[in-house]
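The values are calculated or read from the model by the stated rules, or taken from the named source; none is laboratory data. All values reported here derive from a predicted model rather than from experimental measurement. Every residue, glycine among them, receives a Cβ derived from its backbone with ideal geometry; neighbour counts consider all protein chains shown. Note: accessible area is taken over every heavy atom of the protein model, side chains too, but ligands, DNA and RNA are not part of it. Shrake-Rupley method; radii C 1.70, N 1.55, O 1.52, S 1.80 Å.
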Amino acid sequence: AMGLSPIIIEKQGKVGGSTGLSGGVLWIPMSPVLDREGVQDSHELAWTYLMNLVGDDGGRGSTPERWRAFLAEGPEMVRFLEGCGVPFKHCAYRSDYHDELPGGLVEGRSIESELVNGHILGPWYDHLHGTANPYPLMTSEMRYILLAQARWKGAAMVGRMLYRMAKQRITGKHYLGLGAALVTRVLRLVLDADIPVVINMPVEELLTSDGRVTGVRCSKEGERLEFTARRGVLLAAGG
């Protein structure tokens, strides 16, 4: 639809990286998810928060230009993915890490993907990071589990989790939450769009011409391969 022909090159044998093993929480100011939940946010509030939280980072890479891009494109990214069928939910009771700073929100700006059956990936399920987690939970639900001995809502959440575990054992499904749910949903979109994903192929070198990155050189089972990029190369590194 966009006239592009991307390829995803993964150095490991599994996709998802640290995101698949993480809580899968996205911190996106002014997202449509916050709008639906009635969380009052604005560009001014988010900008103020970033200024007080990050400030002058000593040249480590965070710049006002990047803040502007993040605040402008972050909400659009969420709208795009939701339009493609990825359901997001507000992480209630998860405040901004420093909500005491000017611009910080007690309600928090964090969102996450909802639970998903990992088997929608077909054979790619075996190449996904995060499937080893046996507990079908979302980040926003974990707070109740931690309070299970003190509050009835916690005990109810434990019951719900056990029900999901029993259900997936009977149906053969595997409900994934956290980062694995996010990666599963996005990877399903990638596969549906016929975007090639190649695993076990590390990128060894960026190809350049006239000061511009024009592609990558990779290795696959001892063979050297080169891919030319018409529009650019995106390096996706977690951590």
| Candidates E65, E37, E114: whichever shows maximal mean-square fluctuation once the chain is modelled as a Gaussian network with Cα springs under 10 Å | E65
| query | Under 5 Å between amide H atoms, partner at least 5 residues away or on a different chain: which partners does V15 have, H built in plane at 1.01 Å? | reply | L128, H129
| field | Long pairs among K14/K89; K11/K167; K89/K220; K173/K220; K14/K173, criterion Cα-Cα beyond 30 Å | value | K11/K167; K89/K220; K173/K220
| query | When you count, for each residue, the other Cβ atoms within 10 Å and take the mean per peptide, how do 210-220, 68-78, 174-184, 12-22 rank with the highest first? | reply | 174-184, 12-22, 68-78, 210-220
| message | Taking 0.36 nm per residue of sequence separation and subtracting the Cα-Cα distance, how much length would be gained by fully extending the chain between R79 and D194, in nm to one decimal? | response | 39.2 nm
| request: Can you bin region 6-73 into rounded, prolate or oblate? Criterion: square roots of the alpha carbon gyration tensor eigenvalues sorted a ≥ b ≥ c, rounded for a/c under 1.5, prolate for a/b above b/c, oblate for the rest. | output: oblate
| note | Among [x] 12.4; [y] 28.0; [z] 16.2, the value of mean projected area of the Cα convex hull in nm² computed for this structure carries the label [z]
| message | I'd like the antiparallel share, as a percent to the nearest 5, of DSSP beta bridges with both residues in the chain. | response | 85 percent
| field | Rounded Å value of the spacing that divides the Cα centres of region 176-223 and region 30-58 | value | 31 Å
| task | For W47, tell me the accessible area in Å² from a 1.4 Å probe, rounded to the nearest 10. | result | 50 Å²
| request: Using θ = phi - 60° and the Karplus relation 6.51 cos²θ - 1.76 cosθ + 1.60, list the HN-Hα couplings for region 167-174 in order, rounded to whole Hz, with x at every Gly or Pro. | output: 5, 6, 5, 6, 8, x, 7, 9
| Charge dipole (debye, nearest 20) of region 192-239; +1 at Cβ of Lys and Arg, -1 at Cβ of Asp and Glu | 180 debye
